[in-house]
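Undergrad: Have a look at this one.
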Amino acid sequence: MTTSVLEPTLSNLHDEAALADDYDRLPCRVNDPELWFAEAPSDVEEAKALCTDCPVQQMCFSGALDRREPWGVWGGELFLQGVVIPRKRPRGRPPKNRESA
Ligand code: SF4
């Protein structure tokens, strides 16, 4: 007997969720999908938190790593140019460091 291991593609991710009857439980399906590609750091953190309840989180994360996703929250992590970054920086200039002035 051979055991097949699914490639972590987006298609397989959706198939896996559909087969498991979980497709409607994917947080990025039942919430505003824009959260997963949000500009505001607070929205990005919210998307990451919502991913923790996802039944296919690990496969989603593996697939995003393999595809080197250019942007967005996948599998509970924020990707930028194919790598995981800890958090999104807010737009604009960084605050001045008053102690070094
Ligand atoms: S882990 Fe997050 S981004 Fe991936 S399918 Fe689940 S809710 Fe969507």
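Undergrad: Let me spell it out: the conditions are (1) of a type in the set (Val, Ile, Thr); (2) more than 11 Å from the ligand (Cβ to nearest atom); (3) modelled with pLDDT of 95 or more, and Thr3 meets all of them except one. Which number is the exception?
TA: (3)
One line per residue, one yes/no per condition, for (1) away from the ligand (no atom under 12 Å from the Cβ); (2) at pLDDT 95 or above; (3) under 10 Å from the mean Cα position of the chain (by Cα):
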| site | (1), (2), (3) |
| --- | --- |
| Arg25 | no, no, no |
| Val84 | yes, yes, yes |
| Pro94 | yes, no, no |
| Asn97 | yes, no, no |
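Undergrad: If I ask for residues that are in a loop (DSSP other than H, G, I, E, B), farther than 23 Å from Pro90 by Cβ and within 7 Å of the ligand (Cβ to nearest atom), which ones from the stretch 43-77 would you list?
TA: Cys54, Val56, Gly75
Undergrad: So which residues in the stretch 44-65 are of a type in the set (D, E, K, R) and modelled with pLDDT of 95 or more?
TA: Passing the criteria: Glu45, Glu46, Lys48.
Undergrad: Please go through the stretch 57-73 and give me each residue that is more than 12 Å from Thr9 (Cα to Cα) and hydrophobic (A, V, I, L, M, F, W, C), ordered by number.
TA: Trp71, Val73 - these are the residues of the stretch 57-73 that are more than 12 Å from Thr9 (Cα to Cα) and hydrophobic (A, V, I, L, M, F, W, C).
The values are calculated or read from the model by the stated rules, or taken from the named source; none is laboratory data. Note that the coordinates shown come from a computational prediction; the quantities given were computed from them, not determined experimentally. Backbone-built Cβ (ideal geometry, glycine too); neighbour counts: all protein chains shown.
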